[in-house]
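First comes the structure, then the notes that go with it.
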Amino acid sequence: MWKAALLLVLLFVAGHFAVRYLRTNPLDPVIQGGELIVDTSEHEVRFALEGPFEGTYLVAKAESEDWSDVPANASLSVVGLAETKDYLGAHPEQRVYGSVPGLQLENLAAPLALIAANRLVYGELRGLIDRYEERVRRRGKWLCLSISGEALAVRAAVSLDNGNDSTASFVRRAENTRLLLATRMRVEDCGELLTAR
């Protein structure tokens, strides 16, 4: 009996580590010759590395882009922490998804497209999306994201099927979106961050 219980515990622990650390990024990002190269479901997209980037944000929306033609693992809508604090100073109501302040903060949110640089960040990003969806369903507390990495700009895009140049289309689609290769990220409840001075 104890052997069966031990086996179940070992399988549970091994499963947790397999999901967290062995997930592979479907974009398969590669840095080569000073640019980042990813493959979407239909295109090879090349990005220029524009320099270091970091920030902490309230996550107003999070959506997976895996297995799509979007050259990112996730599309987020985020509000800078300073902007969020300023807004909440004037509107100190509920701080949960689905609340009036939450819906109003979505209007202040800016789009952020993330590509995970490694397995650990990819696991954290998948966890963020899962937690966000659960919190929205249950009207849970807001999530904040602290992130660092490299800012990106679309350099070229080519169809995997026929080799046609799609660069102009991808540049247009990314025009108002901050693109980031995430090398580190941390997800946490916003409560303490928003009350810190």
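The values are calculated or read from the model by the stated rules, or taken from the named source; none is laboratory data. Predicted, not measured: the structure shown is a model, and the values here were computed from it. Positions of Cβ are backbone-derived with ideal geometry, glycine not excepted, and every protein chain shown enters the neighbour counts.
Quick notes on this structure:
- Tally, over the stretch 91-102, of residues that are of a type in the set (A, V, I, L, M) and not in a helix (DSSP H, G or I): 1
- Odd one out for residue 183, checked against (1) farther than 18 Å from residue 28 by Cα; (2) of a type in the set (Ser, Thr, Tyr); (3) surrounded by 17 or more Cβ atoms within 10 Å (Cβ to Cβ): (1)
- Hey, residue 120 without any contact (Cβ under 8 Å) to a residue 24 or more places away in the chain, aliphatic (A, V, I, L, M) and not in a loop (DSSP other than H, G, I, E, B) or not: no
- Every residue from the stretch 25-82 that is of a type in the set (D, E, K, R) and part of a strand (DSSP E or B): 35, 39, 44, 46, 50, 54, 61, 63
- Look at (1) of a type in the set (D, E, K, R); (2) out of contact with any Lys or Arg (no Cβ under 7 Å at 6 or more places or on another chain); (3) more than 23 Å from residue 104 (Cβ to Cβ) and you find that residue 155 fails only one, number (2).
- Exactly one residue out of 70, 96, 13, 9 is more than 18 Å from the chain's Cα centre (by Cα), modelled with pLDDT under 95, surrounded by 15 or more Cβ atoms within 10 Å (Cβ to Cβ) and of a type outside the set (S, T, N, Q): that is 96.
- Checked against the criteria, residue 135 counts as surrounded by 14 or more Cβ atoms within 10 Å (Cβ to Cβ) and part of a helix (DSSP H, G or I).
- Contacts under 7 angstrom Cβ, first residue in the stretch 140-156 being assigned to a loop (DSSP other than H, G, I, E, B), partner surrounded by fewer than 17 Cβ atoms within 10 Å (Cβ to Cβ) and modelled with pLDDT under 95, 6 or more apart: 140/96; 142/96
- Residues in the stretch 102-118 that are touching a Leu at 6+ places or on another chain (Cβ under 7 Å) and more than 22 Å from residue 174 (Cβ to Cβ): 105 only.
- Among the candidates 88, 112, 125, 105, residue that is in a strand (DSSP E or B) and buried (at least 16 other Cβ atoms within 10 Å of the Cβ): 112
- Test for residue 192: is it of a type in the set (Asp, Glu), surrounded by 14 or more Cβ atoms within 10 Å (Cβ to Cβ) and either assigned to a strand (DSSP E or B) or at pLDDT below 95 (or both): no
- Of the residues 80, 163, the single one that is of a type outside the set (D, E, K, R), under 16 Å from residue 194 (Cα atoms) and without any contact (Cβ under 8 Å) to a residue 40 or more places away in the chain is 80.
- Filter pass, residue 126 being more than 18 Å from the chain's Cα centre (by Cα) and of a type in the set (D, E, K, R): no
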